[in-house]
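> My questions will all concern the structure given below.
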Amino acid sequence: MKFFTQILKLKTKEELEFINITNQVIEILKQSKIQNGIVNIFSKHTTLSIEINEYEKLLLKDMDWFMKKLAPDQKNYFHDNIKMRENCPPDEPKNAKGHLRSLLMETFQIVPIMDYEMQLGQYQQIFAIETSGPREREIIIQIFGEGEENE
Amino acid sequence: MKFFTQILKLKTKEELEFINITNQVIEILKQSKIQNGIVNIFSKHTTLSIEINEYEKLLLKDMDWFMKKLAPDQKNYFHDNIKMRENCPPDEPKNAKGHLRSLLMETFQIVPIMDYEMQLGQYQQIFAIETSGPREREIIIQIFGEGEENE
Amino acid sequence: MKFFTQILKLKTKEELEFINITNQVIEILKQSKIQNGIVNIFSKHTTLSIEINEYEKLLLKDMDWFMKKLAPDQKNYFHDNIKMRENCPPDEPKNAKGHLRSLLMETFQIVPIMDYEMQLGQYQQIFAIETSGPREREIIIQIFGEGEENE
(Lines give C-alpha, C1' and ligand atoms only; values in the text may rest on other atoms or scores of the structure.)
Protein backbone atom coordinates (compact mmCIF):
# COMPACT_ATOMS: atom_id res chain seq x y z
CA MET A 1 0.00 0.00 0.00
CA LYS A 2 1.51 3.28 -1.15
CA PHE A 3 0.34 6.80 -0.41
CA PHE A 4 1.24 9.89 -2.40
CA THR A 5 -0.20 13.30 -1.62
CA GLN A 6 0.36 16.68 -3.20
CA ILE A 7 -1.34 20.07 -2.92
CA LEU A 8 -2.50 21.64 -6.17
CA LYS A 9 -2.63 25.44 -5.87
CA LEU A 10 -4.90 27.62 -8.00
CA LYS A 11 -5.35 31.33 -8.37
CA THR A 12 -8.92 31.85 -9.51
CA LYS A 13 -9.87 34.97 -11.46
CA GLU A 14 -13.65 35.24 -11.47
CA GLU A 15 -16.49 34.98 -8.99
CA LEU A 16 -17.92 31.92 -10.77
CA GLU A 17 -15.28 30.07 -12.79
CA PHE A 18 -14.84 26.64 -14.32
CA ILE A 19 -11.21 25.50 -14.38
CA ASN A 20 -9.97 22.34 -16.08
CA ILE A 21 -7.44 20.68 -13.75
CA THR A 22 -7.27 17.29 -15.51
CA ASN A 23 -3.72 17.72 -16.80
CA GLN A 24 -2.38 18.78 -13.40
CA VAL A 25 -3.90 15.67 -11.81
CA ILE A 26 -2.38 13.48 -14.56
CA GLU A 27 1.06 15.00 -13.87
CA ILE A 28 0.82 14.31 -10.13
CA LEU A 29 -0.38 10.75 -10.79
CA LYS A 30 2.71 10.15 -12.96
CA GLN A 31 4.97 11.23 -10.11
CA SER A 32 3.19 8.89 -7.68
CA LYS A 33 4.17 5.72 -9.61
CA ILE A 34 0.95 4.14 -8.31
CA GLN A 35 -0.34 1.42 -10.63
CA ASN A 36 -3.72 0.39 -9.21
CA GLY A 37 -5.75 2.40 -6.79
CA ILE A 38 -7.69 5.62 -6.53
CA VAL A 39 -7.07 9.32 -6.68
CA ASN A 40 -9.08 11.58 -4.39
CA ILE A 41 -9.27 15.16 -5.69
CA PHE A 42 -10.41 17.02 -2.59
CA SER A 43 -11.13 20.75 -2.32
CA LYS A 44 -10.13 22.42 0.95
CA HIS A 45 -12.79 25.11 0.54
CA THR A 46 -16.54 25.42 1.07
CA THR A 47 -16.91 27.51 -2.08
CA LEU A 48 -14.64 25.56 -4.43
CA SER A 49 -16.30 22.47 -5.88
CA ILE A 50 -14.78 19.58 -7.80
CA GLU A 51 -16.77 18.03 -10.67
CA ILE A 52 -16.35 15.69 -13.59
CA ASN A 53 -18.09 16.81 -16.78
CA GLU A 54 -17.34 17.81 -20.39
CA TYR A 55 -15.15 20.89 -20.62
CA GLU A 56 -16.63 22.50 -23.70
CA LYS A 57 -16.57 26.30 -24.00
CA LEU A 58 -20.25 26.77 -24.81
CA LEU A 59 -21.32 24.25 -22.18
CA LEU A 60 -19.45 26.32 -19.59
CA LYS A 61 -21.75 29.22 -20.50
CA ASP A 62 -24.77 26.98 -19.89
CA MET A 63 -23.34 25.88 -16.53
CA ASP A 64 -22.78 29.51 -15.61
CA TRP A 65 -26.39 30.34 -16.52
CA PHE A 66 -27.64 27.26 -14.66
CA MET A 67 -25.87 28.00 -11.37
CA LYS A 68 -27.07 31.63 -11.48
CA LYS A 69 -30.62 30.51 -12.20
CA LEU A 70 -30.67 28.06 -9.28
CA ALA A 71 -28.99 30.36 -6.72
CA PRO A 72 -29.49 33.89 -8.08
CA ASP A 73 -27.00 36.73 -7.64
CA GLN A 74 -29.73 39.20 -6.72
CA LYS A 75 -31.25 37.97 -3.50
CA ASN A 76 -31.03 39.10 0.10
CA TYR A 77 -29.38 36.03 1.60
CA PHE A 78 -29.28 35.75 5.40
CA HIS A 79 -25.60 34.78 5.34
CA ASP A 80 -24.78 38.03 3.51
CA ASN A 81 -26.20 40.16 6.31
CA ILE A 82 -22.70 40.58 7.72
CA LYS A 83 -23.77 42.76 10.68
CA MET A 84 -26.07 40.04 12.00
CA ARG A 85 -23.32 37.41 12.04
CA GLU A 86 -21.27 36.61 15.13
CA ASN A 87 -17.54 37.42 15.10
CA CYS A 88 -17.60 38.37 11.45
CA PRO A 89 -15.12 40.91 10.03
CA PRO A 90 -16.86 43.76 8.09
CA ASP A 91 -14.95 42.94 4.87
CA GLU A 92 -16.30 39.37 4.76
CA PRO A 93 -17.34 38.52 1.16
CA LYS A 94 -21.09 38.23 0.48
CA ASN A 95 -20.91 34.71 -0.84
CA ALA A 96 -24.08 32.90 0.28
CA LYS A 97 -24.88 32.15 -3.37
CA GLY A 98 -21.48 30.46 -3.72
CA HIS A 99 -22.16 28.22 -0.71
CA LEU A 100 -25.55 27.25 -2.15
CA ARG A 101 -24.13 26.52 -5.60
CA SER A 102 -21.41 24.38 -3.99
CA LEU A 103 -24.07 22.56 -1.96
CA LEU A 104 -25.41 21.23 -5.28
CA MET A 105 -21.95 20.19 -6.48
CA GLU A 106 -19.22 18.08 -4.88
CA THR A 107 -16.26 18.74 -2.60
CA PHE A 108 -14.28 15.85 -4.08
CA GLN A 109 -14.12 13.32 -6.88
CA ILE A 110 -12.57 9.87 -6.70
CA VAL A 111 -11.27 8.36 -9.94
CA PRO A 112 -10.12 4.73 -10.35
CA ILE A 113 -6.48 4.18 -11.39
CA MET A 114 -5.56 1.14 -13.50
CA ASP A 115 -2.17 0.55 -15.10
CA TYR A 116 -0.91 3.94 -13.88
CA GLU A 117 -3.77 5.83 -15.54
CA MET A 118 -6.97 7.48 -14.41
CA GLN A 119 -9.91 5.66 -15.96
CA LEU A 120 -11.72 8.73 -17.25
CA GLY A 121 -14.09 8.30 -20.20
CA GLN A 122 -13.55 10.06 -23.52
CA TYR A 123 -15.27 13.33 -22.57
CA GLN A 124 -14.67 13.30 -18.82
CA GLN A 125 -12.58 16.16 -17.52
CA ILE A 126 -11.94 17.13 -13.91
CA PHE A 127 -13.12 20.65 -13.05
CA ALA A 128 -12.46 22.91 -10.11
CA ILE A 129 -15.47 25.22 -9.87
CA GLU A 130 -14.85 28.48 -8.06
CA THR A 131 -18.07 29.85 -6.56
CA SER A 132 -16.67 32.77 -4.53
CA GLY A 133 -13.61 34.06 -6.36
CA PRO A 134 -11.22 35.44 -7.12
CA ARG A 135 -9.20 33.61 -4.45
CA GLU A 136 -6.11 31.53 -3.83
CA ARG A 137 -7.17 27.91 -3.51
CA GLU A 138 -5.78 24.53 -2.51
CA ILE A 139 -6.84 21.10 -3.69
CA ILE A 140 -5.48 17.93 -2.08
CA ILE A 141 -4.50 15.28 -4.62
CA GLN A 142 -4.39 12.09 -2.54
CA ILE A 143 -3.38 8.94 -4.41
CA PHE A 144 -3.13 5.48 -2.94
CA GLY A 145 -2.95 1.87 -3.99
CA GLU A 146 -0.39 -0.60 -5.27
CA GLY A 147 2.80 0.67 -6.85
CA GLU A 148 6.23 -0.39 -7.95
CA GLU A 149 8.00 -2.51 -5.35
CA ASN A 150 11.54 -1.25 -5.85
CA GLU A 151 11.02 2.25 -4.54
CA MET B 1 -3.78 -1.85 5.92
CA LYS B 2 -6.06 -1.21 8.88
CA PHE B 3 -9.84 -0.90 8.95
CA PHE B 4 -11.88 0.77 11.66
CA THR B 5 -15.64 1.15 11.43
CA GLN B 6 -18.17 2.62 13.80
CA ILE B 7 -21.85 3.56 13.54
CA LEU B 8 -22.76 7.12 14.44
CA LYS B 9 -26.37 7.35 15.65
CA LEU B 10 -28.44 10.51 15.41
CA LYS B 11 -31.91 11.45 16.58
CA THR B 12 -33.08 14.18 14.24
CA LYS B 13 -35.70 16.69 15.39
CA GLU B 14 -37.02 18.49 12.33
CA GLU B 15 -38.25 17.61 8.88
CA LEU B 16 -35.38 19.50 7.23
CA GLU B 17 -32.39 19.83 9.55
CA PHE B 18 -28.69 20.58 9.24
CA ILE B 19 -26.58 18.80 11.88
CA ASN B 20 -22.87 19.38 12.40
CA ILE B 21 -21.24 15.97 12.98
CA THR B 22 -17.60 17.06 12.55
CA ASN B 23 -16.63 16.57 16.19
CA GLN B 24 -18.14 13.09 16.36
CA VAL B 25 -16.14 12.06 13.28
CA ILE B 26 -12.95 13.52 14.81
CA GLU B 27 -13.55 11.48 17.99
CA ILE B 28 -14.00 8.24 16.04
CA LEU B 29 -10.89 8.98 13.96
CA LYS B 30 -8.86 9.37 17.18
CA GLN B 31 -9.98 5.92 18.35
CA SER B 32 -8.98 4.37 15.01
CA LYS B 33 -5.27 5.25 15.40
CA ILE B 34 -5.08 5.44 11.60
CA GLN B 35 -2.33 7.78 10.42
CA ASN B 36 -2.72 7.99 6.63
CA GLY B 37 -5.82 7.05 4.71
CA ILE B 38 -9.39 8.09 4.22
CA VAL B 39 -12.58 8.34 6.21
CA ASN B 40 -15.86 7.52 4.46
CA ILE B 41 -18.85 9.14 6.16
CA PHE B 42 -21.74 7.16 4.67
CA SER B 43 -25.45 7.68 5.37
CA LYS B 44 -27.57 4.52 5.53
CA HIS B 45 -30.69 6.44 4.48
CA THR B 46 -32.19 7.74 1.25
CA THR B 47 -33.38 10.92 2.99
CA LEU B 48 -30.30 11.71 5.08
CA SER B 49 -27.54 13.40 3.11
CA ILE B 50 -23.92 14.06 4.05
CA GLU B 51 -22.31 17.32 2.95
CA ILE B 52 -19.24 19.44 3.57
CA ASN B 53 -19.91 23.16 3.80
CA GLU B 54 -19.67 26.08 6.23
CA TYR B 55 -21.80 25.59 9.34
CA GLU B 56 -22.87 29.19 9.92
CA LYS B 57 -26.27 29.84 11.52
CA LEU B 58 -27.55 32.32 8.95
CA LEU B 59 -26.23 30.24 6.06
CA LEU B 60 -28.29 27.31 7.37
CA LYS B 61 -31.39 29.52 6.91
CA ASP B 62 -30.34 30.14 3.29
CA MET B 63 -29.82 26.42 2.74
CA ASP B 64 -33.26 25.74 4.21
CA TRP B 65 -34.82 28.30 1.86
CA PHE B 66 -32.83 26.92 -1.09
CA MET B 67 -33.88 23.30 -0.64
CA LYS B 68 -37.54 24.34 -0.23
CA LYS B 69 -37.33 26.52 -3.34
CA LEU B 70 -35.88 23.71 -5.47
CA ALA B 71 -38.20 20.93 -4.22
CA PRO B 72 -41.23 22.75 -2.77
CA ASP B 73 -43.23 21.52 0.23
CA GLN B 74 -46.54 22.27 -1.50
CA LYS B 75 -46.71 20.04 -4.52
CA ASN B 76 -48.66 16.90 -5.35
CA TYR B 77 -45.78 14.46 -5.72
CA PHE B 78 -46.52 11.05 -7.25
CA HIS B 79 -44.54 9.27 -4.50
CA ASP B 80 -46.81 10.86 -1.86
CA ASN B 81 -49.94 9.29 -3.35
CA ILE B 82 -49.69 6.46 -0.83
CA LYS B 83 -52.79 4.63 -2.08
CA MET B 84 -51.33 4.21 -5.55
CA ARG B 85 -48.12 2.61 -4.25
CA GLU B 86 -47.65 -1.13 -4.05
CA ASN B 87 -47.31 -2.77 -0.62
CA CYS B 88 -47.20 0.57 1.12
CA PRO B 89 -48.45 0.97 4.72
CA PRO B 90 -51.03 3.79 5.10
CA ASP B 91 -48.87 5.63 7.67
CA GLU B 92 -45.94 5.96 5.23
CA PRO B 93 -44.48 9.48 5.47
CA LYS B 94 -45.11 11.80 2.50
CA ASN B 95 -41.47 12.50 1.85
CA ALA B 96 -41.03 12.79 -1.92
CA LYS B 97 -39.59 16.27 -1.44
CA GLY B 98 -36.96 14.80 0.91
CA HIS B 99 -35.91 12.24 -1.69
CA LEU B 100 -35.59 14.98 -4.31
CA ARG B 101 -33.58 17.26 -2.04
CA SER B 102 -31.27 14.34 -1.19
CA LEU B 103 -30.91 13.60 -4.91
CA LEU B 104 -29.17 16.99 -5.22
CA MET B 105 -26.90 16.31 -2.26
CA GLU B 106 -24.60 13.40 -1.39
CA THR B 107 -24.98 10.09 0.45
CA PHE B 108 -21.36 10.15 1.60
CA GLN B 109 -18.22 12.25 1.88
CA ILE B 110 -14.66 10.98 1.80
CA VAL B 111 -12.03 13.05 3.60
CA PRO B 112 -8.26 12.48 3.37
CA ILE B 113 -6.42 11.63 6.62
CA MET B 114 -2.81 12.70 7.08
CA ASP B 115 -0.85 12.44 10.34
CA TYR B 116 -3.94 11.16 12.19
CA GLU B 117 -6.06 14.17 11.16
CA MET B 118 -8.80 14.86 8.66
CA GLN B 119 -7.55 17.39 6.13
CA LEU B 120 -10.53 19.72 6.28
CA GLY B 121 -10.02 23.34 5.31
CA GLN B 122 -10.61 26.21 7.75
CA TYR B 123 -14.36 26.55 7.15
CA GLN B 124 -15.16 22.97 6.15
CA GLN B 125 -17.55 21.18 8.47
CA ILE B 126 -19.24 17.81 7.93
CA PHE B 127 -23.04 18.00 7.92
CA ALA B 128 -25.71 15.37 8.16
CA ILE B 129 -28.77 16.82 6.41
CA GLU B 130 -32.08 15.30 7.45
CA THR B 131 -34.66 15.64 4.66
CA SER B 132 -37.49 13.53 6.13
CA GLY B 133 -37.32 13.85 9.91
CA PRO B 134 -37.70 13.54 12.73
CA ARG B 135 -36.14 10.06 12.67
CA GLU B 136 -33.50 7.85 14.22
CA ARG B 137 -30.56 7.66 11.84
CA GLU B 138 -27.32 5.76 11.34
CA ILE B 139 -24.15 6.92 9.63
CA ILE B 140 -21.28 4.52 8.93
CA ILE B 141 -17.88 6.00 9.76
CA GLN B 142 -15.47 3.77 7.83
CA ILE B 143 -11.79 4.60 8.23
CA PHE B 144 -8.93 2.79 6.55
CA GLY B 145 -5.28 3.22 5.75
CA GLU B 146 -1.92 2.88 7.48
CA GLY B 147 -1.76 2.92 11.24
CA GLU B 148 0.47 2.13 14.15
CA GLU B 149 2.22 -1.21 13.81
CA ASN B 150 2.18 -2.29 17.43
CA GLU B 151 -1.53 -2.84 17.74
CA MET C 1 -4.73 -5.51 -0.31
CA LYS C 2 -6.78 -6.97 -3.12
CA PHE C 3 -8.17 -5.22 -6.19
CA PHE C 4 -11.02 -6.46 -8.34
CA THR C 5 -12.39 -4.46 -11.26
CA GLN C 6 -15.11 -5.19 -13.75
CA ILE C 7 -16.96 -3.15 -16.37
CA LEU C 8 -20.74 -3.13 -16.14
CA LYS C 9 -22.30 -2.48 -19.57
CA LEU C 10 -25.74 -0.95 -20.02
CA LYS C 11 -27.92 -0.25 -23.01
CA THR C 12 -30.14 2.65 -22.05
CA LYS C 13 -33.49 3.15 -23.76
CA GLU C 14 -34.71 6.64 -22.97
CA GLU C 15 -33.33 10.15 -22.96
CA LEU C 16 -33.81 10.46 -19.20
CA GLU C 17 -33.88 7.07 -17.48
CA PHE C 18 -33.43 5.70 -13.98
CA ILE C 19 -31.90 2.22 -13.92
CA ASN C 20 -31.49 0.08 -10.81
CA ILE C 21 -28.05 -1.56 -10.95
CA THR C 22 -27.89 -2.75 -7.33
CA ASN C 23 -28.14 -6.46 -8.14
CA GLN C 24 -25.41 -6.29 -10.79
CA VAL C 25 -23.07 -4.64 -8.29
CA ILE C 26 -23.90 -7.30 -5.68
CA GLU C 27 -23.04 -10.05 -8.21
CA ILE C 28 -19.68 -8.49 -9.04
CA LEU C 29 -18.90 -8.04 -5.35
CA LYS C 30 -19.55 -11.76 -4.77
CA GLN C 31 -17.02 -12.64 -7.46
CA SER C 32 -14.42 -10.35 -5.90
CA LYS C 33 -14.27 -12.32 -2.61
CA ILE C 34 -13.35 -9.07 -0.88
CA GLN C 35 -14.39 -9.05 2.78
CA ASN C 36 -13.69 -5.52 4.03
CA GLY C 37 -13.18 -2.51 1.86
CA ILE C 38 -15.04 -0.29 -0.55
CA VAL C 39 -16.72 -0.50 -3.90
CA ASN C 40 -16.43 2.47 -6.25
CA ILE C 41 -19.25 2.55 -8.82
CA PHE C 42 -17.85 4.98 -11.40
CA SER C 43 -19.58 6.16 -14.58
CA LYS C 44 -17.32 6.66 -17.61
CA HIS C 45 -19.71 9.24 -19.10
CA THR C 46 -20.46 12.92 -18.56
CA THR C 47 -24.19 12.30 -19.06
CA LEU C 48 -24.60 9.12 -17.01
CA SER C 49 -24.83 9.74 -13.29
CA ILE C 50 -24.65 7.31 -10.37
CA GLU C 51 -26.90 7.88 -7.37
CA ILE C 52 -28.13 6.14 -4.24
CA ASN C 53 -31.82 6.67 -3.50
CA GLU C 54 -35.09 4.74 -3.15
CA TYR C 55 -36.09 2.97 -6.36
CA GLU C 56 -39.86 3.34 -6.14
CA LYS C 57 -41.84 3.60 -9.37
CA LEU C 58 -43.81 6.73 -8.48
CA LEU C 59 -40.74 8.41 -7.02
CA LEU C 60 -39.00 7.90 -10.38
CA LYS C 61 -41.78 10.00 -11.93
CA ASP C 62 -41.09 12.75 -9.40
CA MET C 63 -37.36 12.58 -10.15
CA ASP C 64 -38.12 12.83 -13.87
CA TRP C 65 -40.30 15.90 -13.26
CA PHE C 66 -37.66 17.41 -10.95
CA MET C 67 -34.76 17.09 -13.38
CA LYS C 68 -36.87 18.57 -16.20
CA LYS C 69 -37.98 21.43 -13.97
CA LEU C 70 -34.41 22.32 -12.96
CA ALA C 71 -32.86 22.00 -16.46
CA PRO C 72 -35.79 22.33 -18.88
CA ASP C 73 -36.03 20.51 -22.19
CA GLN C 74 -37.19 23.63 -24.02
CA LYS C 75 -34.36 26.13 -23.81
CA ASN C 76 -31.82 27.42 -26.26
CA TYR C 77 -28.66 26.12 -24.63
CA PHE C 78 -25.34 27.42 -25.94
CA HIS C 79 -23.86 23.91 -26.05
CA ASP C 80 -26.68 22.82 -28.39
CA ASN C 81 -25.75 25.41 -30.99
CA ILE C 82 -23.75 22.78 -32.87
CA LYS C 83 -22.62 25.10 -35.66
CA MET C 84 -20.90 27.43 -33.21
CA ARG C 85 -18.84 24.61 -31.65
CA GLU C 86 -15.30 23.81 -32.73
CA ASN C 87 -14.63 20.46 -34.42
CA CYS C 88 -18.14 19.25 -33.79
CA PRO C 89 -19.84 16.71 -36.10
CA PRO C 90 -23.29 17.88 -37.37
CA ASP C 91 -25.04 14.83 -35.87
CA GLU C 92 -23.86 15.64 -32.34
CA PRO C 93 -26.74 15.15 -29.87
CA LYS C 94 -28.25 18.30 -28.35
CA ASN C 95 -27.67 17.25 -24.77
CA ALA C 96 -26.78 20.37 -22.79
CA LYS C 97 -29.71 19.67 -20.47
CA GLY C 98 -28.23 16.22 -19.76
CA HIS C 99 -24.88 17.74 -18.81
CA LEU C 100 -26.60 20.20 -16.47
CA ARG C 101 -28.73 17.50 -14.83
CA SER C 102 -25.61 15.37 -14.34
CA LEU C 103 -23.82 18.38 -12.84
CA LEU C 104 -26.37 18.22 -9.99
CA MET C 105 -25.89 14.49 -9.51
CA GLU C 106 -22.78 12.33 -9.03
CA THR C 107 -20.33 10.54 -11.32
CA PHE C 108 -19.67 7.84 -8.73
CA GLN C 109 -20.79 6.37 -5.44
CA ILE C 110 -18.57 4.62 -2.90
CA VAL C 111 -20.20 2.04 -0.64
CA PRO C 112 -18.52 0.42 2.40
CA ILE C 113 -18.08 -3.38 2.32
CA MET C 114 -18.17 -5.36 5.56
CA ASP C 115 -18.24 -9.16 5.82
CA TYR C 116 -18.46 -9.47 2.01
CA GLU C 117 -21.55 -7.25 1.78
CA MET C 118 -22.30 -3.70 0.74
CA GLN C 119 -23.58 -1.78 3.76
CA LEU C 120 -26.62 -0.26 2.07
CA GLY C 121 -29.56 0.74 4.25
CA GLN C 122 -33.02 -0.80 3.88
CA TYR C 123 -34.25 1.50 1.11
CA GLN C 124 -30.91 2.36 -0.53
CA GLN C 125 -30.57 1.24 -4.12
CA ILE C 126 -27.81 2.13 -6.58
CA PHE C 127 -29.07 3.93 -9.70
CA ALA C 128 -27.48 4.68 -13.02
CA ILE C 129 -29.22 7.80 -14.33
CA GLU C 130 -29.04 8.27 -18.09
CA THR C 131 -29.35 11.95 -19.01
CA SER C 132 -28.62 11.76 -22.76
CA GLY C 133 -29.88 8.39 -24.02
CA PRO C 134 -30.47 6.04 -25.55
CA ARG C 135 -26.80 5.00 -25.53
CA GLU C 136 -24.43 2.16 -24.76
CA ARG C 137 -22.77 2.86 -21.44
CA GLU C 138 -19.95 1.58 -19.25
CA ILE C 139 -19.65 1.73 -15.49
CA ILE C 140 -16.44 0.74 -13.70
CA ILE C 141 -17.05 -1.41 -10.63
CA GLN C 142 -13.79 -1.09 -8.69
CA ILE C 143 -13.59 -3.06 -5.46
CA PHE C 144 -10.66 -3.14 -3.08
CA GLY C 145 -9.80 -4.10 0.44
CA GLU C 146 -8.98 -7.20 2.44
CA GLY C 147 -9.99 -10.59 1.09
CA GLU C 148 -9.40 -14.27 1.50
CA GLU C 149 -5.72 -15.12 1.84
CA ASN C 150 -5.70 -18.41 -0.06
CA GLU C 151 -6.40 -17.01 -3.50
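The values are calculated or read from the model by the stated rules, or taken from the named source; none is laboratory data. On a predicted model such as this, the values are computed, not experimentally measured, just so you know. When we count neighbours, we look across all protein chains shown, and the Cβ atoms used for this are built from the backbone with ideal geometry, even at glycine.
> Does A:E27 count as of a type in the set (D, E, K, R) and surrounded by 20 or more Cβ atoms within 10 Å (Cβ to Cβ)?
In short, no.
> Residues that are of a type in the set (A, V, I, L, M), facing another protein chain (nearest Cβ under 7 Å) and free of Cβ contacts under 8 Å to residues at least 24 places away in the same chain: does the stretch C:83-94 have at least one?
yes
> Another one. On the basis of being in contact with a Leu (Cβ under 6 Å, 6 or more places away or on another chain) and aliphatic (A, V, I, L, M), does C:L100 make the cut?
no
> State the number of residues belonging to the stretch C:58-77 that are charged (D, E, K, R) and modelled with pLDDT under 95.
Summing the residues that are charged (D, E, K, R) and modelled with pLDDT under 95 in the stretch C:58-77 gives 1.
> Being crowded, with 24+ Cβ neighbours inside 10 Å, within 14 Å of chain B (Cβ to nearest Cβ) and without any contact (Cβ under 8 Å) to a residue 12 or more places away in the chain, is that true of even one residue in the stretch C:118-128?
Looking through the stretch C:118-128, none of the residues is crowded, with 24+ Cβ neighbours inside 10 Å, within 14 Å of chain B (Cβ to nearest Cβ) and without any contact (Cβ under 8 Å) to a residue 12 or more places away in the chain.
This table checks each residue for (1) out of contact with any Lys or Arg (no Cβ under 6 Å at 6 or more places or on another chain); (2) surrounded by 14 or more Cβ atoms within 10 Å (Cβ to Cβ); (3) of a type in the set (A, V, I, L, M).
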residue: B:K61; (1), (2), (3): yes, yes, no
residue: B:N87; (1), (2), (3): yes, no, no
residue: B:G133; (1), (2), (3): yes, yes, no
residue: B:E148; (1), (2), (3): no, no, no
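> Evaluate the following for A:F78: is it surrounded by fewer than 20 Cβ atoms within 10 Å (Cβ to Cβ) and at the interface with chain B (Cβ under 9 Å from one of its Cβ atoms)?
Yes, satisfied.
> Further question: Take the residues of the stretch C:1-15 that are of a type in the set (V, I, T) and crowded, with 16+ Cβ neighbours inside 10 Å: which is farthest from C:I50 (Cα to Cα)?
C:T5
> In the stretch A:78-103, which residues are modelled with pLDDT under 95 and either part of a loop (DSSP other than H, G, I, E, B) or basic (K, R) (or both)?
Residues satisfying the conditions are A:N81, A:K83, A:R85, A:E86, A:N87, A:C88, A:P89, A:P90, A:D91, A:E92, A:P93, A:K94.
> Being out of contact with any Lys or Arg (no Cβ under 9 Å at 6 or more places or on another chain) and of a type in the set (A, V, I, L, M) is the filter here; which residues of the stretch B:92-116 pass it?
Selection gives B:L100, B:L103, B:L104, B:M105, B:I110, B:V111, B:I113, B:M114.
> Something else about it: Are any residues in the stretch A:1-36 within 11 Å of chain B (Cβ to nearest Cβ) and assigned to a strand (DSSP E or B), and if so, which ones?
Correct list: A:K2, A:F3, A:F4, A:T5, A:I7.
> Does A:F18 qualify as being under 21 Å from C:A96 (Cβ atoms), surrounded by 20 or more Cβ atoms within 10 Å (Cβ to Cβ), of a type outside the set (A, V, I, L, M) and within 11 Å of the chain's Cα centre (by Cα)?
The answer is yes for A:F18.
> Based on this model, can you work out whether B:G98 counts as closer than 30 Å to C:E146 by Cα, small (G, A, S) and in contact (Cβ under 8 Å) with a residue 24 or more places away in the chain?
no
> Pick from the stretch A:37-75 the residues that are basic (K, R) and more than 12 Å from chain B (Cβ to nearest Cβ): which of them is farthest from A:L103 (Cα to Cα)?
Among those residues, the one meeting the criterion is A:K57.
> Report every pair of residues separated by at least 6 positions or lying on different chains whose Cβ atoms are under 6 Å apart, first residue within the stretch C:28-45 and in contact (Cβ under 8 Å) with a residue 12 or more places away in the chain, second small (G, A, S) and assigned to a strand (DSSP E or B).
From the stretch C:28-45, the pairs are C:K33/C:G147; C:I34/C:G145; C:I34/C:G147; C:Q35/C:G147; C:N36/C:G145; C:G37/C:G145.
> Looking at A:E106, is it part of a loop (DSSP other than H, G, I, E, B) and at the interface with another protein chain (Cβ under 10 Å from one of its Cβ atoms)?
yes
> Let me spell it out: the conditions are (1) over 20 Å from the mean Cα position of the chain (by Cα); (2) within 21 Å of A:I139 (Cα to Cα); (3) of a type outside the set (A, V, I, L, M, F, W, C); (4) within 10 Å of chain A (Cβ to nearest Cβ), and B:D115 meets all of them except one. Which number is the exception?
(4)
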